[in-house]
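What follows is a single structure, written as structure tokens, with notes after it.
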Amino acid sequence: MKQHLFILIISIGFCNFAQAQRDTIQKLDEVFLSDSKLVQYTAGIKVETLNDSIVKANPVSLTGLLAFNSNLYFKENGFGMVSSPSFRGTNASQTAVVWNGININSQLNGQTDFNTINTTNFNAIDIRSGGGSVQYGSGAIGGSIHLNNNLEFTSHFDTQLRLAYGSFDTRMTNMSSSYGNSKFTINAGVAYVDSNNDYKYLGTDRVNENGAFNTINFNLNLGYFISEKDVLKLYHQNYNGEREFSGTLVAPSNSKFEDENYRTMLEWTRISGAFSSKLKAVHLNERFKFFENKANDFFSFGKVSTWLFNHNLNYRVSNRLQFRSILEISRFDGGGSSFGNPKRNAFSATVLMNHKPTTRFEYNLNLRKDVTSDFENPFLFSVDGAYRVSNTYAIQFNASKNFRIPTFNDLYWQPGGNLNLNPEQSYQIDLGHTLNAKAINFKLNTYYIRTEDLIQWRPDNAGVWMPINVASAQSYGAELEAHYSVSYKLNKFSLRGRYSYTISENLETQSQLIYVPIHKGNIAFAYNRKLFSTFYQHLFNDAVFIIGDTLEGFNVANAGFGYQFNKNGKVQYDINLRIQNLYNKNYQNVALRPMPNRNYQILTTIKF
């Protein structure tokens, strides 16, 4: 921890995230955004960008941000503990998390813990709904979450300090700075969160006794024009966390979990006429230690080191037609106390085509083939498009074949690993409608997902849990999203609502899968007048099936208000008060794991 605090001190003069100016698609692709596929090859895909004001109202974890501002459902083992999503009825390992264009899901369990991602260190967070394995690889079945660090090649020097204190002795510090000119830019940030997390279990006389945690996230990103046609970019992120694992209402816990994630990417971009090329060299490192008794030095561990090389070549034939090829080779080296030292080599080749035959119609055709050292992978495809019926109304469609490869845990965990597993294969279709008027934005999507060779862990005849390919599963439903905003003199109003209807069934048993709510909705209201602002968020989760029972649904709300001082001065600052679980609701995302009672947070942001 001291090492990371030292990094904070030496980085104060160099870090902040600045929203990149998106003047043209060419600039967006080749200078600012590493994941340009998210813009250029998604005509028929539902993609939602969370803006700065939404992120500011949810300043800590990615779980809190998305639970109240997306259609995702989260299984959270208590506040700050392991958090995994359900996207369109799929499971956590079927949701990809993409960092600057690179899939960062764990090679151990196929998931990303959303409570290890701090939102303050990213200036662009996007939600891409539906299958995306052609572009983003294994696990992008239900959807994908995109975390991007944009680079701004303009003359600027900005610094921001955020300090927060809240209930349960929770402290948060975030320092970020950004410097740049037309040739060089650098931004970095560090975010530290520490909490006793000893909230009350409502309806009992107990508190969360083993839930303390501290986490630190550090980002460093830079770009440099080495010539008029060539740009070098470096992206780096690391996370360190130490969390005591909360028990349940019936079983206390004295365990502890330490985990680290390091991600580094060097990218060389070259622009030459109609051609643009990106060469990426990436190193990912994940490791953990689990202490069954935090008072002892005995622990189990796991780690994976990943080396990845990716080449993107884009050829713009005309303003109406472009092609992209993606070649990727990767090496995975694992190790752990429960699965030995597994290794894996992988190669993939992808071809994308974007065509705009008319001003109203645009479509994409995509193909991908993977070759992996330890099993066969399916051939993948996707097609999507959009037709603009009028200036305000458009129809979107997409269809794709997607996959998820078995993880190291699935294959090699002892006891129970199964070397005979097949990759999960999934087919999906999606039809969307968008309406964009002056003050009202409206989206309606209906979808169907069918998954074959679904991997589930089940006990065998000897009681040993092991993964097997089980009967097929299907998910279908609808998502509705509406946004209304209006300004009247000095007053600004914004209202955003979402609703999802989800059926996700095991076709063998014809029953709804566990931890998938049929109905889920949220609504958010924001009001600004001069220097004053306020917001209200409300979340509804329907009841979910659990093993042998049902977990009741719940309504929970957050609210807050803030005031900005010295808005036109060189040093600007604001103060915000946030009230979470406003109605003091006793609720659980996971059975027997209560979430916090009503709690408070005060936050100040200083910009200079």
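The values are calculated or read from the model by the stated rules, or taken from the named source; none is laboratory data. Quick caveat, the model's predicted, so the values are computed rather than measured. Every residue, glycine as well, gets a Cβ built from its backbone with ideal geometry; the counts of neighbours run over all protein chains shown.
Which of the following residues is in contact with a strand residue (DSSP E or B) (Cβ under 6 Å, 6 or more places away or on another chain), closer than 28 Å to Asn436 by Cα and modelled with pLDDT of 75 or more: Leu66, Leu62, Leu50?
Selected residue: Leu50, the only one of Leu66, Leu62, Leu50 that is in contact with a strand residue (DSSP E or B) (Cβ under 6 Å, 6 or more places away or on another chain), closer than 28 Å to Asn436 by Cα and modelled with pLDDT of 75 or more.
Out of Thr116, Thr154, I need the residue that is surrounded by fewer than 24 Cβ atoms within 10 Å (Cβ to Cβ), more than 28 Å from Gly432 (Cα to Cα) and under 14 Å from the mean Cα position of the chain (by Cα). Which one?
So the residue among Thr116, Thr154 that is surrounded by fewer than 24 Cβ atoms within 10 Å (Cβ to Cβ), more than 28 Å from Gly432 (Cα to Cα) and under 14 Å from the mean Cα position of the chain (by Cα) is Thr116.
Any residue at all in the stretch 467-477 that is more than 29 Å from Ser511 (Cβ to Cβ) and touching a residue at least 24 places away in the same chain (Cβ under 8 Å)?
no
Hey, among the residues in the stretch 238-258 that are among the polar types (S, T, N, Q) and part of a loop (DSSP other than H, G, I, E, B), which one's surrounded by the most Cβ atoms within 10 Å (Cβ to Cβ)?
Applying the filter and picking the extreme gives Ser246.
Looking at the stretch 465-510, which of the residues that are over 23 Å from Gln425 (Cα atoms), charged (D, E, K, R) and over 23 Å from the mean Cα position of the chain (by Cα) is surrounded by the most Cβ atoms within 10 Å (Cβ to Cβ)?
That would be Lys492.
Can you tell which of Asn528, Asn555 is closer than 30 Å to Ile514 by Cα and in a strand (DSSP E or B)?
Asn555
Among residues belonging to the stretch 303-319 that are aliphatic (A, V, I, L, M) and surrounded by fewer than 19 Cβ atoms within 10 Å (Cβ to Cβ), point out the one that is farthest from Thr350 (Cα to Cα).
Val317
To keep it simple, each residue is scored yes or no on (1) surrounded by fewer than 23 Cβ atoms within 10 Å (Cβ to Cβ); (2) assigned to a strand (DSSP E or B).
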{"residue": "Ala67", "(1), (2)": "no, no"}
{"residue": "Val97", "(1), (2)": "no, yes"}
{"residue": "Asn109", "(1), (2)": "yes, no"}
{"residue": "Ile127", "(1), (2)": "yes, yes"}
{"residue": "Gly139", "(1), (2)": "no, no"}
{"residue": "Leu163", "(1), (2)": "yes, yes"}
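When you scan the stretch 216-254, how many residues do you find that are closer than 22 Å to Met172 by Cα, of a type in the set (Ser, Thr, Tyr) and without any contact (Cβ under 8 Å) to a residue 60 or more places away in the chain?
0
Filtering the stretch 405-464 down to residues that are closer than 22 Å to Ser300 by Cα and of a type in the set (S, T, N, Q), which residue is surrounded by the fewest Cβ atoms within 10 Å (Cβ to Cβ)?
Looking at residues that are closer than 22 Å to Ser300 by Cα and of a type in the set (S, T, N, Q), I get Gln414.
Listed residues Gly44, Gly78; which is touching an Asp or Glu at 6+ places or on another chain (Cβ under 7 Å), in a loop (DSSP other than H, G, I, E, B), in contact (Cβ under 8 Å) with a residue 24 or more places away in the chain and not β-branched (Val, Ile, Thr)?
After applying the criteria, what remains is Gly44.
In the stretch 99-114, which residues are of a type in the set (S, T, N, Q), in contact (Cβ under 8 Å) with a residue 60 or more places away in the chain and under 23 Å from Asn58 (Cα atoms)?
Scanning the stretch 99-114 gives a single hit, Asn100.
Write out, first by first residue and then by second, each pair whose Cβ atoms fall under 6 Å of each other, whose residues are 6+ apart or on separate chains, and whose first residue, in the stretch 419-441, is aromatic (Phe, Trp, Tyr) while the second is in a strand (DSSP E or B).
Sorted first by the residue in the stretch 419-441, then by its partner, the pairs are Tyr427/Lys401; Tyr427/Arg450.
List pairs: first residue in the stretch 516-527 and without any contact (Cβ under 8 Å) to a residue 40 or more places away in the chain and within 23 Å of Ala559 (Cα to Cα), second residue surrounded by 21 or more Cβ atoms within 10 Å (Cβ to Cβ) and among the aromatic types (Phe, Trp, Tyr) anywhere in the structure, Cβ distance under 7 angstrom, at least six positions apart or on different chains.
As it stands, the answer is Phe525/Phe535, since those pairs meet every condition given.
With modelled with pLDDT of 95 or more, buried (at least 17 other Cβ atoms within 10 Å of the Cβ), touching a strand residue (DSSP E or B) at 6+ places or on another chain (Cβ under 9 Å) and within 23 Å of Asn103 (Cβ to Cβ) as the only criterion, which of Asn377, Asn402 stands out?
Asn402
Condition (residue is part of a loop (DSSP other than H, G, I, E, B), closer than 28 Å to Asn589 by Cα and either modelled with pLDDT under 95 or more than 24 Å from the chain's Cα centre (by Cα) (or both)) applied to the stretch 219-237: is it met by at least one residue?
No, that holds for no residue.
Quick grid of which residues meet (1) free of Cβ contacts under 8 Å to residues at least 40 places away in the same chain; (2) closer than 28 Å to Ile602 by Cα; (3) within 26 Å of the chain's Cα centre (by Cα); (4) not in a strand (DSSP E or B):
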residue	(1), (2), (3), (4)
Thr159	no, yes, yes, no
Arg171	yes, yes, yes, no
Asn174	no, yes, yes, no
Tyr179	no, no, no, no
Asn197	no, yes, yes, yes
Asn214	no, yes, yes, no
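Within the stretch 364-382, which residues are closer than 17 Å to Gln428 by Cβ and in contact (Cβ under 8 Å) with a residue 24 or more places away in the chain?
Asn364, Asn366, Leu367, Arg368, Pro378, Leu380, Phe381, Ser382
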